[in-house]
1. Could you grab me the full set of residues in the range 137-162 that are farther than 16 Å from Pro95 by Cα and among the charged types (D, E, K, R)?
2. Filter the range 202-257 down to the residues that are more than 29 Å from Met188 (Cβ to Cβ), of a type in the set (D, E, K, R) and in a loop (DSSP other than H, G, I, E, B) and list them by number.
3. Going through the range 47-58 one residue at a time, which ones are in contact (Cβ under 8 Å) with a residue 40 or more places away in the chain and among the β-branched types (Val, Ile, Thr)?
4. Filter the range 274-297 down to residues that are at pLDDT 90 or above, open to solvent by 40 Å² or more (accessible area, probe 1.4 Å) and closer than 24 Å to Asp350 by Cα, then give me how many there are.
5. So which residues in the range 175-201 are outside any helix (DSSP H, G or I) and among the aliphatic types (A, V, I, L, M), if there are any at all?
6. Go through the range 89-142 residue by residue and tally those that are more than 23 Å from Ile29 (Cα to Cα) and either of a type outside the set (S, T, N, Q) or in contact with an Asp or Glu (Cβ under 7 Å, 6 or more places away or on another chain) (or both).
7. Kindly provide the set of residues from the range 3-46 that are part of a helix (DSSP H, G or I), within 20 Å of Thr94 (Cα to Cα) and touching a residue at least 40 places away in the same chain (Cβ under 8 Å), ordered by number.
Amino acid sequence: MAPLLNLRHLSAALEVRQLGSISRATDTIYLSQSAITQGLSKLERELGFDIFTRSHDGLMPTQAGEIFLNRTQTAISFLCQMDSVLGQKDNKSTPLYRSLTASQLRALMTVVEQGSYTLAARHLKLAQPTVHRAVQDTENVCGYRLFSKSPSGLEPSWHARQLARYIALFFAELSQGIEEVQEYHGRMTGRLRIGSLPLARTRMVPRAVVNLLGDYPEARISIIDGPYDEQLHALLHGRLDIIVGALRDPPPSPDIEQRELFRDSLSIVVSPGHPLEKRGSVSASELHQLDWIAPREDTPGREAFTQFFENNGLSPPEHVIECSSLVAIRGILMESGRAALLSARQVEVDVSFGLLSVSSRHLQDTGRKIGVAHRKGWKPTLVQQRFLERLEQEI
């Protein structure tokens with residue numbers, strides 16, 4: 001979790017960098033010279049490195065300071081988006097975040113994420129009244145009621161959800177800035193949070209992670225699986241850095257960029273000894289008669305499954321078990337005569353151990369784009385960039 005740095009001190013640091021002196025920054029920050037001086041000193045103590053060098057000519061950012069301030073500029077730009085969420089588009093007015101504290105922002109974000117003041121307080125290790133008061137103060141500043149009670153608990157409004165997203169991206173970018181400074185000082189302890197879809201999580205991502213840790217043993221890695229929609233939500237809110245796996249067409253959000261790494265076709269996967277195992281010629285009609293395990297609806301794999309049969313003038317099979325868990329798919333295949341539509345890459349470990357078999361029958365027109373999705377404008381740290389390079393080596 002990013003440290004709770006004073007928002008005014010961060011803004012002051014950006015203004016001082018732009019204007020070159022503390023005295024010039026007083027008119028835009030509305031703080032005295034002594035307050036800015038003290039604020040910058042406190043900020044540097046909290047961060048553990050000098051942001052500026054002082055001379056008779058003014059203040060100049062250090063190299064570490066420049067790295068951090070570039071990230072801070074991006075982070076603050078996310079907070080500026082809160083004004084458009086609330087309909088405050090007057091460029092001459094003071095940005096909303098200038099009237100809030102980092103503690104209030106974090107409280108609002110956490111209550112939205114946890115859906116309860118009690119759970120948010122527990123997560124933040126604060127008293128529940130403290131969190132409740134911070135959210136109420138934020139509502140007063142915003143001029144909106146951000147939460148309502150419902151039978152299922154606390155319900156955040158649309159405004160609350162949008163504000164929480166920009167706040168989460170603010171904190172995520174600040175953390176990136178601190179990690180980038182640590183990298184500059186030779187401490188490769190940065191964090192990488194990977195959303196891994198079924199194809200990628202079997203061998204592609206694990207191998208890339210192992211190789212990355214060979215380069216940077218102290219890097220902190222998290223691999224998250226789960227439904228695509230959940231991973232996308234986490235990506236858009238800064239809780240994931242990338243998603244690796246089948247790309248969506250069209251992209252699921254205007255705030256997402258996708259980069260193709262390779263194209264992969266689907267294969268018929270069965271248990272060893274299945275009648276289809278050695279048959280190179282199987283008609284679409286015969287395949288239609290099988291009982292299938294297929295990917296979930298609204299996934300690229302399921303679309304390819306449906307399209308294959310429709311291209312052969314057949315309706316999609318009805319006796320389908322939807323499943324995205326390779327462990328469950330393996331168990332069902334080994335205990336039945338079903339077939340599954342999967343990537344051969346996804347089951348290569350199981351095939352090598354004789355647990356599953358890939359039919360020699362090749363399915364045409366089931367190609368999918370496999371790659372990496374990330375937020376638009378996302379700038380990877382050195383650790384994150386090295387992982388992307390290692391990932392490409394696994395193709």
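1. Once the filter is applied, which keeps residues that are farther than 16 Å from Pro95 by Cα and among the charged types (D, E, K, R), the range 137-162 yields Asp137, Arg145, Lys149, Glu155, Arg161.
2. Matches in the range 202-257: Arg248, Asp249.
3. none
4. Count: 1.
5. Of all residues in the range 175-201, those outside any helix (DSSP H, G or I) come to 185-197.
Met188, Leu192, Ile194, Leu197, listed by residue number.
6. Looking only at the range 89-142, we keep the residues that are more than 23 Å from Ile29 (Cα to Cα), and these are 107-136, 139.
Retained after the next criterion (residues that are either of a type outside the set (S, T, N, Q) or in contact with an Asp or Glu (Cβ under 7 Å, 6 or more places away or on another chain) (or both)): 107-109, 111-113, 115, 117, 119-127, 129, 131-135, 139.
Count: 24.
7. Leu7, Arg8, Leu10, Ser11, Ala13, Leu14, Val16, Arg17
Here's the yes/no breakdown for (1) surrounded by 14 or more Cβ atoms within 10 Å (Cβ to Cβ); (2) in contact (Cβ under 8 Å) with a residue 60 or more places away in the chain; (3) closer than 23 Å to Leu391 by Cα:
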position	(1), (2), (3)
Phe170	yes, yes, no
Gln176	yes, yes, yes
Glu179	yes, yes, yes
Ile194	yes, yes, yes
Arg207	yes, yes, yes
Val210	no, no, yes
Pro217	no, no, yes
Ile223	yes, no, yes
Gln231	yes, no, yes
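The values are calculated or read from the model by the stated rules, or taken from the named source; none is laboratory data. All values derive from a computational prediction rather than experimental measurement. Positions of Cβ are backbone-derived with ideal geometry, glycine not excepted, and every protein chain shown enters the neighbour counts. These area figures cover heavy atoms from the full protein model, side chains too; ligands, DNA and RNA do not enter into them. Shrake-Rupley method; radii C 1.70, N 1.55, O 1.52, S 1.80 Å.
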